[in-house]
Amino acid sequence: MTHSIKSEDDLRWLIGHTGGFRGGYVTDVHLSKRRLFDEESGRDVLADTIVTITIRYQVRGIVRVAKLVMNGVTDFSVFEQEGADCSALTVIQAEATGGRLRLWFDPQGELYVVCEEAEFEEVSAPLIEQGPGQEVARWTFQGQAGEGPGLERLLAALDRAGMPCVWREVKRGGRAHPAIQWEGDLIPSGESSDPAASRVRVMVYSALDGEGFGIMLRVEASRGGAGSRVLAALAEHITQSYCGRCLVGTTIIPGEQWESWVAQAGRR
C-alpha cells in the first residue's frame, strides 16, 4: 500500500488507517540532504531535506510496518535524554497549516517533523504466534494485484532451481486469521523423514488493504542451510513473477530491487 500525504484530508486518512500508530514503536529514523551545484556561486547549495521514519505497529490482528518519507523538511527534531525512549508511540498528532504538514510522534515533541508532503508506504501481514523453534529468517511479499501463487507453482519453481521439496500442510485452530488462504511447510525432499530437517513455513493470504495478496516465508533454526536456500529461491521466483514490495525485518524493498539489495547486503 502507498498513499501520498499532502492535505488535511490525507492526514485524517493517515490517522484513521493507522489508529495513530497507537501502541507501535519507531524502528528507524533517517535524515538525508540533497545538494545541487550552483554555477553562479560555484558552490553546492541545499536543495531538499528528507526525513524517513519507519514504524512497526499492530491493529486488529494485523502486523504492519509503515514507512513515512517526508520531503521538503523545514524543521526536524529528535531528542532523547539518557534513559529515555521516544520510540514507543501512544498516538501521533498531525496538522496541515500554511502549506506545511506538522507531525508530532510523541506527546513531548521529542520526535517532530515539519515538511511539505509525505509518502506513506506499508506492508501488512496477519499476526502469527511464534512457534517453539528459533526463527532465523522471515521474508514477506505484498503483491499489488491479482492472486498469490499456488502451491504447484512454487513446487515447480523449486524443481527448476534444483531444490525439490515435499509439502506438509499446517492446519491452525479457530484463531487463524480469516485472510489466510493456505499454509504449510516446504521440506527438502532428501530430508522429509528427518524431524530436525530444514523447512520453510509458507503462508499465503488475501490482501489486508485494497487489492492483491501477501505471502510470508519463515525459516526456523535447523541443521545446515537448506531452509535459507529454499527461501532465497522462492523469493527470487516471486519477485520476478509479480509486482509488489518485500519486507525484511523492518526494511521495505521494491520487488524489482530485491536481487540487487541481496547482492549489496552480501558485500557488507
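Positive end of the dipole of the chain (Cβ unit charges, origin at the Cα centre): among G244, L155, S41, the Cα lying farthest that way belongs to L155. Springs join every pair of Cα atoms under 10 Å in this Gaussian network model of the chain, and among R12, R229, R35 the largest mean-square fluctuation is at R35.
With axes computed from alpha carbons, what is the tilt in degrees of helix 151-160 against the longest principal axis of the chain, rounded to the nearest 10 within 0 to 90? Here the helix axis deviates by roughly 80 degrees.
Using Cα pairs under 8 angstrom and six or more residues apart, how large is the relative contact order of the chain, in percent?
16
In the chain, helical runs assigned H by DSSP with n ≥ 4 each contribute -39500 (n - 2.57); averaged across all residues and rounded to the nearest 500, the mean residue ellipticity at 222 nm is -5500 deg cm²/dmol. Enumerate the lysines that K67 could reach by cross-link, defined here as Cα to Cα under 23 Å, with residues fewer than 8 away along the same chain left out. Filter leaves K6, K33. Between 0 and 90 degrees, the angle of helix 226-241 with respect to the longest Cα principal axis of the chain falls at about 60 degrees. Counting only Cα atoms, the chain measures 67, 48, 41 Å along its principal axes, largest extent leading.
Working note: Cα atoms of the range 131-266, range along each principal axis, descending, whole Å: 41, 40, 27. Take every Cα pair under 8 Å whose residues are at least 6 apart in sequence, average their separation, divide by the length of the range 2-124, and the relative contact order is 30 percent.
Which of rounded, prolate, oblate describes the range 51-100, given a ≥ b ≥ c as roots of the alpha-carbon gyration tensor eigenvalues and a/c under 1.5 marking rounded, otherwise prolate only if a/b is larger than b/c?
Note, shape of the range 51-100 comes out oblate.
Across the alpha-carbon atoms of the range 2-124, the computed radius of gyration and Dmax are 15.5, 57 angstrom.
Values quoted throughout were computed directly from the atomic coordinates according to the rules given, and no laboratory measurement underlies them. From a predicted model like this one, the values you see are computed outputs, not experimental measurements. Ideal geometry is used to build each Cβ from the backbone, glycine not excepted, and the neighbour counts take in all protein chains shown.
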